[in-house]
Amino acid sequence: MKNVEPVVPMSLPDLSDAEREAVMEVLRTPHLSMGPRIDDFEAALAEFVGAKEAIGVSSGTAGLHLCVRAAGIQPGDLVLTTPFSFVASTNAILFEGGIPVYVDVDPKTGNMDPLLAAQALEDLRKGGAAARRWLPRKGAGDTARLKALLPVDVFGQPADYDLLQPLAEEFHLKHIEDSCESLGAEYKSRRLGLMGDYGVFAFYPNKQMTTGEGGIIVTDDADAARYMRALRNQGRAPGDTWLQHTYLGYNYRMDEMSAALGLAQLRRIEELLNKRQQVADWYASRLANIDGVQIPLIAPETTRVSWFVYVIRVAPGLDRDALAEKLQLRGIPVRPYFLPIHLQPYMVDKFAYQLGDYPVTEDLGRRGLALPFSGKMTEEQVDLVCRVLAQCVTK
């Protein structure tokens with residue numbers, strides 16, 4: 001396919017002069033690594049979520065990894081999670097030698113199916129043939145210990161936590177909430193982040209707010225927070241001197257410029273979320289009557305979506321990839337969302353997954369298409385995308 005200059009950006013960060021000045025102010029100080037801005041950003045984010053603790057890190061992936069460490073995941077331990085996500089949610093488990101055990105997703109939301117999760121946990125507790133129904137074909141024994149639950153709030157919509165959290169309690173699992181795509185979303189009027197033991201948000205440039213690169217962990221567990229703060233800073237525990245390291249740690253620190261940018265963005269968070277909601281509303285009204293296209297479905301339990309991306313689904317039988325090529329030839333950039341994790345080459349090699357293992361995830365992966373989306377999009381740009389999409393679907 002020949003390269004065509006996009007007529008609409010795929011995504012854009014929403015930055016103001018306040019953010020630019022906040023970063024410049026850091027450059028005028030001696031604090032470029034860890035300093036007062038990180039403390040301020042952590043305190044502000046904790047207040048926004050309602051958490052007792054917040055730990056700024058270099059990425060959402062780093063945050064998930066530290067949560068897996070704090071949860072005590074050891075090589076061979078099982079973590080129940082979803083194959084319909086960005087690979088980081090699975091990779092964080094693999095970093096510690098844990099084994100992701102997948103359950104398929106709700107076809108409406110793309111989030112973990114709680115009924116399947118309940119059945120999987122019960123079968124895994126039984127062991128033997130019942131457990132093997134859920135384990136990968138290779139790489140896991142049916143006597144491995146189940147340690148954690150890791151649901152994902154896909155595309156800014158909460159998982160069904162009133163069904164999932166009791167499962168974590170019943171089976172004595174650590175509950176890691178991957179809210180990397182969902183800052184500000186609400187489940188039954190409760191803001192995400194504290195539905196489990198630990199929650200993680202990410203601030204990549206296409207997210208609801210950005211720190212350039214970066215993420216943050218929120219929790220009410222003070223001991224876990226102290227441990228994760230040490231791990232992010234090369235394993236230095238409170239009381240360690242510069243070259244002392246109590247733990248095996250990582251360089252997962254958030255720098256001062258990122259924290260300053262994040263603090264300025266967080267002061268505008270309601271504006272940023274509302275602008276993205278407006279763009280989503282424009283899309284919904286214009287796409288509703290285009291045959292062959294399904295707009296995102298919002299669960300009744302979701303009292304606020306925090307729009308990360310705007311992903312439509314093409315009708316069964318419609319060639320999503322051919323449609324994407326037509327759109328890109330007209331200057332409309334689009335992306336498939338998501339490619340199922342279990343079918344990624346390294347996962348097939350490691351665990352012998354096959355096409356057909358998680359049919360709902362695979363169906364959503366075949367039919368999902370992310371349209372250009374950001375809070376900076378104009379109504380005219382949305383009109384253009386929808387007009388070209390309607391033309392390409394009918395040709």
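What follows draws every value from the coordinates through simple rules; no lab data is involved. Keep in mind that what you see is a predicted model, and the values were worked out from it rather than measured. We place every Cβ from the backbone using ideal geometry, glycine too, and count neighbours over all the protein chains shown.
Helix content alone sets the calculated 222 nm mean residue ellipticity of the chain: runs of n ≥ 4 DSSP H residues at -39500 (n - 2.57) each, divided across all residues, give -12000 deg cm²/dmol. Each of the peptides 188-200, 17-29 was scored by the mean count of other Cβ atoms within 10 Å over its residues; in descending order, highest first, they stand as 188-200, 17-29. As a length-normalised measure over Cα pairs under 8 Å and 6 or more apart, the relative contact order of the chain settles at 24 percent. Spin-label model, Arg125 to Ile298: label points 7 Å out along the Cα-to-beta-carbon direction sit 3.6 nm apart. Between the residues Gln294, Gln381, Leu323, the greatest Cα displacement towards the positive end of the dipole of the range 269-394, with unit charges on the Cβ of Lys, Arg, Asp and Glu, is found for Gln381. Averaging 1/r over each pair of different alpha-carbon atoms in the range 126-269 and inverting the result gives 17.5 Å, the Kirkwood hydrodynamic radius. Applying the Karplus relation 6.51 cos²θ - 1.76 cosθ + 1.60 with θ = phi - 60° to the range 115-121 yields 3J(HN,Hα) values of 5, 5, 4, 4, 5, 4, 5 Hz, where x marks Gly and Pro. Given +1 at the Cβ of Lys and Arg, -1 at the Cβ of Asp and Glu and no other charges, the dipole of the chain around its Cα centre is 820 debye to the nearest 20. Around the amide H of Thr303, modelled in the peptide plane, lie the amide H atoms of Glu186, Tyr187, Lys188, Ser189, all under 5 Å away and 5 or more residues distant in sequence or on another chain. Distances between placed amide hydrogens fall under 5 Å for Lys52 paired with Thr219, Asp220, all partners being 5 or more residues away or on another chain.
Among Arg253, Arg232, Arg268, rank each residue by its count of other Cβ atoms within 10 Å, from fewest to most, as a rough exposure measure. Fewest-to-most Cβ neighbours within 10 Å comes out as Arg268, Arg253, Arg232. Peptides 88-100, 234-246, 123-135 ordered by packing proxy, namely the average of other Cβ atoms within 10 Å per residue, highest first: 88-100, 123-135, 234-246. Residue-wise HN-Hα couplings along the range 137-144, as the Karplus relation 6.51 cos²θ - 1.76 cosθ + 1.60 with θ = phi - 60° gives them from phi, are 5, 9, x, 8, x, 7, 9, 4 Hz; Gly and Pro carry x. Applying 1/(1 + (r/R0)^6) with r as the Cβ-Cβ distance of Leu329 and Leu12 and R0 = 25 angstrom yields a FRET efficiency of 0.70. Dipole orientation for the range 135-183: of the candidates Ser182, Leu146, Leu167, Leu146 has the Cα lying most toward the positive pole (charges on Cβ; Lys, Arg +1; Asp, Glu -1).
Only one residue of Gln234, Ala62, Gly368 has its Cα farthest out toward the positive end of the dipole of the chain, where Lys and Arg carry +1 and Asp and Glu -1 on Cβ, and that residue is Gly368. The count of lysine pairs in the chain whose Cα atoms are under 23 Å apart, excluding pairs fewer than 8 places apart on the same chain, comes to 20. Here r is the Cβ-Cβ distance between Thr378 and Leu115 and R0 is 35 Å; the resulting FRET efficiency, rounded to 0.05, is 0.25.
Any chance you could tell me what percent of the C-alpha pair distances in the chain go past 34 Å? Tail fraction, whole percent: 31.
If the viscosity is 1.306 mPa s and the temperature 10 °C, what translational diffusion coefficient in µm²/s does Stokes-Einstein give for the range 236-395 when Rh comes from Kirkwood over Cα pairs? Each step should come with its number before you reach the end.
Details: Rh = 19.1 Å.
Answer from the Stokes-Einstein relation: 83 µm²/s.
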